[in-house]
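Step one of this worksheet: look at the structure below.
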Amino acid sequence: NGARGQEAFELAIRDARNSPTPTKIALSLSSDFVANQERAFITKLLPDVDLLIANSSESMAFCQVDSAHAAFSALKLLCPNVVTTQGKDGALFYINNVEGDIKSYPSRMVDTTGAGDAFAGGLIFGLVNGYAPDQSIRFGNFLASKVIEQFGARLGEDAFNLWQEEFGHLRPGK
């Protein structure tokens with residue numbers, strides 16, 4: 001139920017903040033429904049969130065505006081690091097006081113299931129491993145572009161090979 005879910009979020013954040021190992025907290029708005037229904041609770045969590053990830057529809061629902069750019073501007077005031085995906089138009093980001101717009105990879109859309117998760121995975125992989133924010137977003141955009149070219153959310157065993165072929169020459173910090 002809602003109260004138990006909220007308690008779980010609060011406990012996870014508390015435990016992360018009290019961990020002897022430095023821990024960053026990323027939060028996805030998940031869906032328009034969650035952004036609308038849980039607006040007050042999410043707003044309460046945002047001061048403890050290091051990275052907020054949302055698609056343009058979720059961010060507009062959460063901020064109660066009708067423009068993805070207006071929502072992005074509003075979210076930057078609520079969270080220190082924000083990324084909003086815009087489907088075929090790429091992603092807007094504000095990370096470590098740097099703002100940018102990264103274009104998407106060309107792809108042939110078959111099914112969008114899992115695109116947001118693939119994006120978040122590539123983004124977080126890059127950031128955790130020391131890649132620059134813009135490159136980390138390219139990782140996310142690339143993986144999302146591959147997921148939407150198939151039915152279903154899993155790239156399977158090919159995910160690493162696809163990433164390696166595209167980005168294997170890069171090293172963290174570049």
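Given R0 = 25 Å, the distance between the Cβ atoms of Val34 and Val110 translates into a calculated FRET efficiency of 0.45.
Relative contact order of the chain, taken over Cα pairs closer than 8 Å and 6 or more residues apart, is 14 percent. For the chain, with all protein chains present and a 1.4 Å probe, just round the carbon and sulfur fraction of the accessible area to a whole percent. In the chain, the share of accessible area belonging to carbon and sulfur is 53 percent. Which of Asn55, Asn18, Asn36 moves most in a GNM of the chain, Cα contacts under 10 Å? Evaluated over the chain, the most mobile residue of the options is Asn18. Here the relative contact order of the range 1-71, from alpha carbon pairs under 8 Å that lie six or more residues apart, stands at 29 percent.
Relative to the longest principal axis of the Cα atoms of the chain, helix 2-18 runs at roughly 80 degrees. Restricting the calculation to Cα atoms, the chain shows an Rg/Rh of 0.96 when the hydrodynamic-style radius is the Kirkwood one. Enumerate lysine pairs in the chain that are 8 or more residues apart or on different chains, then count those whose Cα atoms are under 18 Å apart. Within the chain, the lysine pair count is 7.
Using alpha carbon centroids, what distance separates the range 1-58 and the range 137-174, in Å? Going from one Cα centre to the other spans 26 Å.
The values are calculated or read from the model by the stated rules, or taken from the named source; none is laboratory data. All values derive from a computational prediction rather than experimental measurement. Ideal geometry is used to build each Cβ from the backbone, glycine not excepted, and the neighbour counts take in all protein chains shown. Note: areas computed on protein heavy atoms with side chains; ligands, DNA, RNA excluded. Shrake-Rupley method; radii C 1.70, N 1.55, O 1.52, S 1.80 Å.
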